[in-house]
Amino acid sequence: MSYAPEGQQYQPYRPEGRSPQPPYGDQPYGQQSYGQQPYGEQPAYEQPRGHEHQRGHEEPPEPPRRRSRGRRWLIAGISVLALGGIAAGVMAYFEIPPFTDKGSAVSFGKPPAGGKGGQDGGSAPQPANSKMLMPTGPAADFKNTMTLGDGTHVAVTTLDGKKSGFKGKVWVWAPKEYNDPKFAKSGFPVLIALPGGDGYDSNYWMGTDLGLQKSISKWYAEGKSKPFLLAMPVLNPGPDTKGVYWDGSDIPGQPKMGTWLTEDVPDLMKANFRTVKSRDGWAYMGSSTGGFASMKAVLKHPDKFKAAIASGPDIVPDSSLWKGHDKEKAENNPELLAKQLIEKKGPDVYLAFQVGDNESNKRTLPDVQKFVATYGNKGPVHTTLRVIPGGKHNAKTYVPNMGEGPIQFISEVMEGPVE
C-alpha cells in the first residue's frame with residue numbers, strides 16, 4: 001500500500017500540468033482521440049493530406065490548453081525569479097558589481113570645494129571662539145567597505161603617516177547624524193577603536209559582526225552615548241606572531257606605532273571630518289593589547305585625549321621588543337604614567353575598565369582591580385570597573401557590555417556635537 005502524508009489522499013504520479021485521462025469513450029465531445037476508433041468503425045472517408053483546412057472538412061477543435069500553458073509560464077517565471085535571486089545573492093556575497101557598492105568612493109559631509117581641504121570643503125571661515133574644527137585637508141581617498149542598514153558607510157583609506165613614517169590602513173565611520181542638516185555646523189567627538197590580537201592587516205572593529213557601529217547609533221538614540229566618529233586603524237606594523245607585538249608604542253628600532261596611533265590617525269580625522277578642537281572630543285577604546293594601548297595613550301597624552309574604554313587590557317608593557325630599552329619601556333608603563341599624572345595634579349582623565357570573570361588570562365581581572373585600587377579616583381585619574389559575569393576574553397563579550405556603563409562613563413565627560 002502506498003501512503004501519503006497525514007491528511008492527504010494518495011494521488012498517482014502524473015507529469016506536471018496534465019490531468020488524469022478518463023477511460024476511453026468517456027471523453028467529452030471535442031477531446032476524443034481521433035484515429036483510434038474501435039475495429040470495424042473506421043470513417044467512411046479519409047481527407048487527403050494537405051487538405052485539412054478545406055471548407056467543409058475542418059478538424060475538430062483543439063482541446064483547450066490555456067490553463068496548462070498559463071501554469072507552465074507561471075512556473076517558468078517563478079523559476080527565473082528564484083534563480084535570479086540566488087544569482088544576485090551569490091554575486092553580492094562575493095562582492096561582484098553591480099550587486100555591491102564595495103570599493104566605491106565615499107565622501108563624508110559635503111564634497112571638497114575645488115579639490116582642496118577636507119571632506120566638507122576645506123577650511124571655511126568660522127568664529128574664533130568656535131569649539132568645532134573644520135576639516136583641515138587634504139581629503140583622503142576613502143573607499144567603501146560596507147554599507148549599513150541606515151545608509152552609513154564604513155570606508156577605508158591607506159594612511160601614509162607623516163610623523164611616524166608608518167603606512168597602514170585606517171577604517172572610518174560617521175553616524176547618520178553627521179549628515180543631518182541640524183548638525184551641519186557641528187564638530188563631532190572621535191573614538192579611536194583599537195583591536196587586540198594581530199591588529200594587522202585589519203581591525204576587527206570595522207566588521208559588522210561585532211555591531212560596534214550599530215551599537216553607537218543605538219546608544220546615542222537611548223541617550224547613553226555621544227554620536228562618535230569612529231577611527232579604526234591597524235594596531236601593529238606586521239602580524240602578531242610568536243608573541244611579537246609592539247604595545248602601541250615607539251619601541252627603539254621599530255616602527256613608531258605610538259606616534260601612528262596618537263598623531264597620524266588623529267590628524268587623518270581632523271583632515272577629513274568636522275571634529276572638536278579640544279581634548280574633550282577625543283577618546284580611545286580597545287580590547288586586550290588594544291585596551292592597553294588605549295589607556296596608555298590617554299595617560300601619556302592627557303593634553304590631547306580625555307577618556308578611554310579598556311576591555312580585558314594588559315596593565316604593563318610586556319612586548320619582547322622592549323629588551324634592552326628599559327627607559328623607553330618605563331615611559332610607556334600605565335602604572336608609572338598614572339602615578340606621574342597624580343603627582344602633577346592633572347589634567348583629569350577617565351578610564352572605564354571592563355573585564356570578564358572568565359578571562360583566559362586569570363591575571364587580567366586581579367591586575368585591573370589592583371590598578372583601580374592603587375590609582376583610581378585619586379586626583380585626576382578617574383576610573384570605573386565593570387566585571388562581566390561569565391565574560392570571556394573576546395570582543396563579542398565586550399561590545400554589548402559597553403552599553404551597560406562604560407560608554408555612559410566617558411560620554412558624560414566628553415563634548416560633542418559642538419559649534
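Would you point out the residue of segment 222-240, among those that are surrounded by fewer than 24 Cβ atoms within 10 Å (Cβ to Cβ) and touching a Pro at 6+ places or on another chain (Cβ under 6 Å), that is nearest to Gly405 (Cα to Cα)?
Among those that are surrounded by fewer than 24 Cβ atoms within 10 Å (Cβ to Cβ) and touching a Pro at 6+ places or on another chain (Cβ under 6 Å), it is Pro227.
Scanning segment 249-269 for residues that are farther than 20 Å from Met206 by Cβ and of a type in the set (D, E, K, R), which turns out most open to solvent (accessible area, probe 1.4 Å)? Don't jump to the end; show me each part of the working.
Applying the first criterion (farther than 20 Å from Met206 by Cβ) to segment 249-269 yields 249-256, 258-259, 263.
Add one more test, that the residue is of a type in the set (D, E, K, R), and what stays is 250, 256, 263.
Working: Asp250: 56, Lys256: 100, Glu263: 47 Å².
Applying the filter and picking the extreme gives Lys256.
So, Pro400, is that one on the phi < 0 side of the Ramachandran plot, open to solvent by 60 Å² or more (accessible area, probe 1.4 Å) and within 28 Å of the chain's Cα centre (by Cα) or not? Explain how you work it out, then say what you get.
Working: on the phi < 0 side of the Ramachandran plot: yes; open to solvent by 60 Å² or more (accessible area, probe 1.4 Å): yes; within 28 Å of the chain's Cα centre (by Cα): yes.
Yes, satisfied.
For segment 153-191, give me each residue that is more than 15 Å from the chain's Cα centre (by Cα), within 17 Å of Phe142 (Cβ to Cβ) and in a strand (DSSP E or B).
Thr157, Thr158, Leu159, Asp160, Lys167, Gly168, Lys169, Phe188, Val190, listed by residue number.
Check Trp219, Trp205, Trp246 and return the single one that is assigned to a helix (DSSP H, G or I), aromatic (Phe, Trp, Tyr), crowded, with 21+ Cβ neighbours inside 10 Å and modelled with pLDDT of 95 or more.
On inspection, the qualifying residue turns out to be Trp205.
Determine, yes or no, whether Thr158 is open to solvent by 70 Å² or more (accessible area, probe 1.4 Å), touching a strand residue (DSSP E or B) at 6+ places or on another chain (Cβ under 9 Å), at pLDDT 95 or above and of a type in the set (S, T, N, Q).
Answer is yes for this residue.
Residue check: is Gly117 modelled with pLDDT of 75 or more and under 22 Å from Leu230 (Cα atoms)? Steps first, answer last, please.
Working: modelled with pLDDT of 75 or more: no; under 22 Å from Leu230 (Cα atoms): yes.
It is false that Gly117 is modelled with pLDDT of 75 or more and under 22 Å from Leu230 (Cα atoms).
Conditions: (1) of a type outside the set (Lys, Arg); (2) open to solvent by 40 Å² or more (accessible area, probe 1.4 Å); (3) on the phi > 0 side of the Ramachandran plot. Gly199 meets all but one. Number of the miss?
(2)
The values are calculated or read from the model by the stated rules, or taken from the named source; none is laboratory data. Being a predicted model, the structure only gives us computed values, none of them experimental. With ideal geometry, Cβ positions are generated from the backbone for all residues, glycine too; neighbour counts draw on all protein chains shown. With ligands, DNA and RNA removed, areas are computed over all heavy atoms of the protein, side chains included. Shrake-Rupley method; radii C 1.70, N 1.55, O 1.52, S 1.80 Å.
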